[in-house]
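Written out below as structure tokens is the structure these notes cover.
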RNA sequence: GGCCCGUUCGUCUAGUGGUUAGGACUCCAGGUUUUCAUCCUGGCAACAGGAGUUCGAUUCUCCUACGGGCUACCA
């Protein structure tokens, strides 16, 4: 393994399902790793034992798998690493870089309530006897890092140079009174132990970064390179959350979006390939991805554009694959029909279905006669019983067709129109209504050919009986 | 309150010390289509504000405003 190889990680905490922001972070990490020929690791940040749940871990892994963001081994759980953290704490305590703080949560909270936002340093310089006394009294304590004066700066791959004065960095807690390590502490140790070279994460971590750098230095570790990604926003420009009705990644799968579409749109949110291309395959994304093209500004999530991206991908997607994908979200779709029939239906709908669910909702009439007729459609296409006479004529014409294929049907119906001096629309609209229940869809001639002569005539017969309503 | 970050059409974005400030989504109008969708053509629509630097600033600097993030014994 060469020294310059890139290692990145995605480190979700299993306190909820994978949401869009997390997916975007995962994607950018993954794209960067693949682009650089590096590796991407996954770390489950489950140090908060009360909020972490295994079912969320499962959901997150499932979502990542669905997105195709496969990760390298090993998969790291922070909850398995508590012993490692303890060793480092002991060392830091010995060297005096960390000290025990006996202040209670309530004390600290009330100080904050009074407007003192920073830790007042109450226990910073306790003498050994003072510490010993409190320990003997059984007073609970946390460990805090001792931050010295100065400033810390680093060069963010996306935001550029960032400097923070240590006055702004509290002696923050690294180990809680229950003995569990906090995020900033575990993240540093893990990123070091996992050989992470590039930390790519959300912009909400910018202000954690100086704290972590200070910890890297205290522990004598090399500091990795940081890159912070802008947030994904809701329409109110606030960070996207459940409040915006932003669901987990799985619901996009259930809504019928292909992973490639979601990835493509997610990539476009805060990044562009430097050209005006917008529809990109995973391979193209990997090839063109570049952190220096990443935006600093938060980006508003736009469902409509996702839908458009999805439609573009759908047109380019292999039909067999679409069939498999439809079946994966709706196993019973087209059950009982030949695969070749389903394939031809997908071909017909491919240009108009922008998601897998739209294939399903737009294909009902290929499998069963319409049970209701669209009312707006009836107004236009079958307003009164004059239409019935017309349709009777069309029906007889269709009945005479011997070879039931699209071309012949088309010819016959067009001839019928000419013969009776009717606009072709006058013929097609009622027929479309009769066979599909609505006024939109692929070529009527195609639909008739697919349904077969008998089924077509049956549906027309039914419509003649029931319409006009 | 403090600190950090940001600000080009409604949204995603391109862009340069001198451009008719470009593209995409959405929306609207027209064309193609038997319908819908696709596709094509056209249209609406932006440099947050104020100073400064400069012959000239959307572009560089500063200030203000606005927005976001952090300020937890969450991650």
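Where a number appears in this text, it was derived from the coordinates with a stated rule and is not lab data. Note that this is a predicted model, so its numbers are computed, not measured. Note: ideal-geometry Cβ built from the backbone for every residue, glycine included; neighbour counts use all protein chains shown.
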For residue A:361 and residue A:73, extending 7 Å from Cα along the Cα-Cβ vector and measuring point to point gives, in nm, a value of 4.4 nm
Sticking with the crude label model, points 7 Å out along Cα→Cβ, report the distance from residue A:278 to residue A:237 in nm, one decimal please. 2.3 nm
Only helical DSSP H runs with n ≥ 4 go in: add -39500 (n - 2.57) per run for chain A, normalise by residue count and round the 222 nm mean residue ellipticity to 500 deg cm²/dmol. -14000 deg cm²/dmol
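For an R0 of 30 angstrom, estimate the FRET efficiency from the Cβ-Cβ distance between residue A:180 and residue A:127 and round to the nearest 0.05. List each step's numbers first, then the result.
Working: r = 27 Å, r/R0 = 0.91.
According to the calculation, E is roughly 0.65.
What is the gain in length, in nm to one decimal, between residue A:469 and residue A:406 on full extension, counting 0.36 nm per residue of separation less the C-alpha to C-alpha distance? Display every interim value, and only then the final one.
Details: separation 63, 0.36 × 63 = 22.68 nm, distance 3.00 nm.
Going from the current span to full extension adds 19.7 nm.
Kindly identify chain A as rounded, prolate or oblate by the Cα gyration tensor criterion: order the square roots of the eigenvalues as a ≥ b ≥ c, call it rounded if a/c is under 1.5, otherwise compare a/b with b/c, prolate if a/b is larger, else oblate. Present the calculation step by step, with values, prior to reporting the outcome.
Values: a/c = 3.48, a/b = 3.00, b/c = 1.16.
Prolate, because a/c is 1.5 or more and a/b exceeds b/c.
Contour minus end-to-end for residue A:308 and residue A:385, with contour as 0.36 nm per residue of separation and end-to-end as the Cα-Cα distance? Spell out each step's value before the answer.
On the way: separation 77, 0.36 × 77 = 27.72 nm, distance 4.07 nm.
Computed gain between residue A:308 and residue A:385 is 23.6 nm.
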The ratio Rg/Rh over the Cα atoms of region A:91-226, Rh being the Kirkwood inverse mean 1/r radius, stands at 0.99
Using alpha carbons only, how many degrees (0 to 90, rounded to 10) separate the axis of helix A:424-436 from the longest principal axis of chain A? 60 degrees
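Using only alpha carbon positions, build the gyration tensor of region A:63-103, then give the equivalent ellipsoid semi-axes as the square roots of 5 times its eigenvalues, largest first, whole angstrom.
Numbers: eigenvalues 258, 28, 15 Å².
Largest first, region A:63-103 gives 36, 12, 9 Å.
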How compact and how long is region A:317-469, expressed as Rg and Dmax of its alpha-carbon atoms in Å? 15.9, 49
Mean Cβ-within-10 Å packing, highest first, puts peptides A:129-138, A:25-34 in the order A:25-34, A:129-138
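What length, rounded to one decimal in nm, is gained on full extension from residue A:338 through to residue A:162, with 0.36 nm per residue of separation minus their alpha-carbon distance?
Values: separation 176, 0.36 × 176 = 63.36 nm, distance 6.20 nm.
Once the chain is fully extended between residue A:338 and residue A:162, it gains 57.2 nm.
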Go through A:63-73, A:77-87 and give me the packing order, highest mean Cβ count within 10 Å leading. A:63-73, A:77-87
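With a Förster radius of 22 Å, plug the Cβ-Cβ distance of residue A:420 and residue A:352 into 1/(1 + (r/R0)^6) and report the FRET value to the nearest 0.05.
Numbers: r = 30 Å, r/R0 = 1.39.
With a Förster radius of 22 Å, E is 0.10.
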Quick check: the angle from helix A:54-67's long axis to the longest principal axis of chain A, C-alpha only, nearest 10 degrees? 50 degrees
For helix A:386-399, what angle does its Cα long axis make with the longest principal axis of chain A, in degrees from 0 to 90 and rounded to 10? 80 degrees
Nitroxide proxy distance, nm - points 7 Å out along Cα→Cβ at residue A:104 and residue A:316: 6.3 nm
